[in-house]
Amino acid sequence: MSSTFLIRLIRLFTTLIFQVLVFNNIHLFGYITPLVIGYMLVCFHHNTSRTGLLVWGFVTGILFDIFSNTAGMASAACTLMAMLQPTILNLFAPRDASEDFTPSFLSMGFFNYLTYVLILMFLLHGVFYLLDAFTLVEWSLTIMAIFGGTILTTLIIIFIELLVRSKKRKK
Amino acid sequence: MRALIDLIIKNQHWFVFLLLETISLAFLFSYNGYQKSVYFTTANDVVGLTYDVISGITSHLHLEEENRELEATNENLRKQLHAIQQQMIAMQQDSTKRLPALSPQYDVVSAQVVNMTIHRPNNLITINKGEADGIHPEMGVVCSRGVVGIVYMTSRHYSIVMPILNTNSKISCRLHNSEHFGSLVWQRGDADIAYVTNIPRHAPVKVKEIVETNGFSDIFPAGLPIGIVQKIEDSSDGMAYMLRVKLFANFSTLREVSVITNYSSPERRVLEMMSENPEKQDSVLNSQEKRSDSIHVSTTGTNEKSVKNDTVR
């Protein structure tokens, strides 16, 4: 329990640092900024306590908000994502997997995992950028930011997964 | 009741979700845009420190580019500096701030000429500084090249200067080398020619000798340049020299002048006035008291005056 908590804490701060130092400085085409912070919530294993997951999501979001001057936007988005993560994970859970498997392309298969991450990232970016814009004026920009951010973040998360898992597999 | 508690516990994540979303939206609507609280923004100390450290690291990443920019800026500034230096050299010829002979202990007030005549017998100059700037009658006025005249009248924001080019003007002066002194007067005619009278015949005068203020009056400090001796003539009575002097100050283009504000000493002037004309002393004293912002009560003031009257008489 405590080791899981510690791993999550380390993962939270690692993603936060990378988000703040690196990804917050990416403005692809001027408006697409990946919210890699969502990787934190993608990693929660199946059958995590939903309440705990919500708190983790909220804390992740609020920390991001503090560093990005986006009070409330990311915390709202991350909380919603944490709320829906178990449901979406259930959709793509392989039948032969154990009750508390960790989502990855190893345990779920590449395509399932990709779809799972895409849906979650779409949720995150959708809520975040809609709250950010808070208007439907210039909706095309918002939609571009949502889709661009979703695709970019998904690619980054897949890349991170490949790096992490391939190392673990070698061990 | 138990069923209700069971229901809440079973669906507690919904309540937690609603709670957390409410908090998020509360943050969103209360802090965002207005940034009412610094604790949840980058103005927070911890976050600020983090960004300080980050910028300390990342600033090195752009050093090359920054160096190039700095060099370009330097080059640009150097060009500007050169241009300004050129302007300065040009302006020094008619700048009020550059008074080589004026030691720093004298305060000067810069003023601009707003009106002047040079072709009348009694020319006057109007400058745009007055009592509000600390200018009072009988203060010396100079320009960068030399002496201009003496303040004659003041209003709150303007002053009238009696320049050398006024037949009533009489400025005591001396020869730069021999220090023989005389008076500078102007006769109608050329705006750049004045005459020094009362130079004794035994004085070794040479053409092109510089005439300067002698510091006898309390208007100008000693050594301010006035003009250069152009021709040595005899005075009408033949008892002394009369030196034709080409003035340094170029009155026809005079624009910037400086008024020497703290050289004249009221005490000395009172003393001189009293010795010259005892009847005038009361009025002079009154004006002097006003000028020096004396806080004497009027009765004590009159007492002092009467004491002084007695001693003089």
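Every read-out reported here was derived from the displayed coordinates using simple, explicitly stated rules and does not represent laboratory data. Treat the numbers as computed from the prediction; the structure is a model and nothing was measured. Neighbour counts run over all protein chains shown; Cβ positions are idealised from the backbone, glycine included.
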Rounded to the nearest angstrom and ordered from largest down, what semi-axes does the equivalent ellipsoid of chain A get from its C-alpha gyration tensor (root of 5λ)? 26, 17, 16
Value at 222 nm in deg cm²/dmol, rounded to 500, when DSSP H runs of n ≥ 4 in chain A each add -39,500 (n - 2.57): -24500 deg cm²/dmol
If you fit an axis through the alpha-carbon atoms of helix A:2-21 and take the longest principal axis of the Cα set of chain A, what angle between them do you get, 0 to 90°, nearest 10? 30
Would you mind computing, in nm to one decimal, how far apart the modelled labels at B:GLU71 and B:LEU7 are, each placed 7 Å from Cα along Cα→Cβ? 7.6
Put +1 on the Cβ of each Lys and Arg and -1 on the Cβ of each Asp and Glu in chain A; which of A:PHE13, A:HIS27, A:CYS78 then has its Cα farthest toward the positive end of the dipole? A:PHE13
Which ordering of B:VAL109, B:VAL270, A:VAL22 is given by a fewest-first count of other beta-carbon atoms within 10 Å? A:VAL22, B:VAL270, B:VAL109
Return the distance in nm (one decimal) between the two label points of a simple spin-label model at A:LEU162 and B:SER30, each offset 7 Å from Cα along Cα→Cβ. 4.5
Kindly flag which residue pairs out of B:LYS208/B:LYS246; B:LYS206/B:LYS231; B:LYS129/B:LYS246; B:LYS170/B:LYS206 have an alpha-carbon separation exceeding 18 Å in this structure. B:LYS129/B:LYS246; B:LYS170/B:LYS206
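When Lys and Arg each count +1 and Asp and Glu each count -1, what net charge do the other residues less than 12 Å away from B:ASN177, Cβ to Cβ, add up to?
Counting the neighbours of B:ASN177, the net charge comes to 0.
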Rank these for me by crowding, A:MET108, B:MET274, going from fewest to most other beta carbons within 10 Å. B:MET274, A:MET108
Neighbour counts of other C-beta atoms within 10 Å: give me B:ASP237, A:ASP65 arranged from fewest to most. B:ASP237, A:ASP65
Would you mind computing, in nm to one decimal, how far apart the modelled labels at A:ILE151 and B:PHE15 are, each placed 7 Å from Cα along Cα→Cβ? 4.4
Neighbours of B:PRO221 by Cβ distance under 12 Å: Lys/Arg at +1, Asp/Glu at -1, summed charge -3
